[in-house]
1. State, as an integer percentage, the relative contact order of the chain based on alpha-carbon contacts under 8 Å between residues 6 or more apart.
2. Compute the long axis of helix 43-57 from its Cα atoms, compare it with the longest principal axis of the Cα atoms of the chain, and write down the angle in degrees, 0 to 90, nearest 10.
3. Would you mind computing the Rg to Rh ratio of the chain from its alpha-carbon coordinates, Kirkwood style for Rh?
4. From Cα pairs below 8 angstrom and at least 6 apart in sequence, can you work out the relative contact order of the stretch 62-147, rounded to a whole percent?
5. For n ≥ 4 DSSP H runs only, could you compute -39500 (n - 2.57) per run for the chain, divide by its residues and tell me the 222 nm figure to the nearest 500?
6. Once label points are set 7 Å from the Cα along Cα→Cβ at both residue 66 and residue 18, what is their separation, rounded to one decimal in nm?
7. Relative to the longest principal axis of the chain, what angle (0 to 90°, nearest 10) does the C-alpha long axis of helix 95-104 take?
8. For residue 69, give me every one of the lysines with a C-alpha distance below 21 angstrom, ignoring sequence neighbours fewer than eight places off in its own chain.
Amino acid sequence: MKLILTQEVSGLGAPGDIVEVKDGYGRNFLVPRGLALRWTRGGEKQVTSIRRARESREIADLDQAKVVKAKLEGLKVALKARAGDSGRLFGAITAAEIVAAVTAAGGPDVDKRRVEIPSPIKTTGAHSATVRLHPEVSATVGLNVVRA
């Protein structure tokens with residue numbers, strides 16, 4: 001099955017890429033979740049608009065990505081969240097909350113779709129998240145979750 005990706009899919013491609021996947025994966029996972037559209041001849045126009053939007057959001061080159069990485073890794077990011085007496089959170093920390101905390105700490109603007117959380121953050125204390133800045137560069141951000 002030939003699809004046009006609308007969002008980044010790990011291990012498959014970036015928005016605007018035309019990919020060939022197995023029928024079940026495309027029909028049951030990618031298309032229903034809005035991660036991809038079926039490929040058509042008219043869809044080629046959508047590909048150019050998706051790529052244009054991606055290029056405006058994307059970090060321009062490797063040098064710029066390294067500068068942003070240095071800024072991110074030098075930050076002390078604190079997140080306040082509601083938690084019980086044992087330090088367990090009422091819910092989990094999301095990528096959007098991490099992006100808001102990085103911006104509040106004086107860091108650069110980061111797209112929430114580029115933030116990867118290795119395991120759900122559900123307790124107070126020190127945690128880390130990875131931000132994919134460029135295909136070759138990713139930054140690790142140290143997070144300190146405190147009780148609100």
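Bear in mind these aren't lab numbers, they're just calculated from the coordinates by the rules spelled out. Source: prediction; values computed, not measured. Backbone-built Cβ (ideal geometry, glycine too); neighbour counts: all protein chains shown.
1. Values: 239 pairs, mean separation 31.1, N = 148.
Once divided by the residue count of the chain, the mean separation gives 21 percent.
2. 30 degrees
3. Reported Rg/Rh, Kirkwood definition of Rh: 1.05.
4. Normalised by residue count, the contact order of the stretch 62-147 is 39 percent.
5. Values: 3 runs with 37 residues, N = 148.
Mean residue ellipticity, 222 nm, calculated: -8000 deg cm²/dmol.
6. It is 3.6 nm.
7. 60 degrees
8. Cross-link targets: 112.
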